[in-house]
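The values are calculated or read from the model by the stated rules, or taken from the named source; none is laboratory data. In this text the structure is predicted, and so the values were computed from the model without any measurement. Every residue, glycine as well, gets a Cβ built from its backbone with ideal geometry; the counts of neighbours run over all protein chains shown. Heads up: the accessible areas ignore ligands, DNA and RNA and are worked out on the full protein's heavy atoms, side chains in. Shrake-Rupley method; radii C 1.70, N 1.55, O 1.52, S 1.80 Å.
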Amino acid sequence: MGLVVPSREEIRFANREDWYRWALGRADLGPDPSLIFHEPITIEGDTRPAGACSPARPPTAAICHNDVMAIGLLQACRDLGVRVPGDLSVVGWDDVPYASLVTPALTTVRVPRYDLGRRRRGGSWI
């Protein structure tokens, strides 16, 4: 599974790369550094993550830092002839309103920010 995230300089906190490494570690898996792509947060889409679908062991999925980056990856896949979801599944984060307007439809994670904020009390989660 690939990961498309901004650089540490662009996002200094809440970087999904930390969570990705933690989750893989819990499953006794190590992240493949060749499948972690540090890209700008832009909708233009970089072809490097989409191009990773051509090696001998291509990823079957890519998790993106947010929906903007995921939509950029969808565009790059289209430009390179990578079939989504046939060759690669793409997952975004944030469930922005325009995520439903792209083709193919974007799988996205909705984060209930308000509810998470309400549940935080006194420095700990309740």
(request) Say whether the condition of being assigned to a strand (DSSP E or B), within 21 Å of ARG16 (Cα to Cα) and at pLDDT below 90 is met by at least one residue in the stretch 105-124. (result) yes
(message) Can you list residue pairs whose Cβ atoms sit under 8 Å apart, with the first residue in the stretch 100-126 being closer than 30 Å to GLY81 by Cβ and open to solvent by 70 Å² or more (accessible area, probe 1.4 Å) and the second being modelled with pLDDT of 75 or more and of a type in the set (Val, Ile, Thr)? Count only pairs 6 or more apart in sequence or on different chains.
(response) THR107/VAL90; THR107/VAL91
(request) Among the numbered conditions (1) small (Gly, Ala, Ser); (2) modelled with pLDDT of 90 or more; (3) touching a Cys at 6+ places or on another chain (Cβ under 9 Å); (4) part of a loop (DSSP other than H, G, I, E, B), tell me where GLY86 comes up short. (result) (3)
(request) At least 1 residues that are at pLDDT 90 or above in each: list the helices (runs of 4 or more DSSP H) lying fully within the stretch 1-80 that qualify. (result) 16-26, 67-80
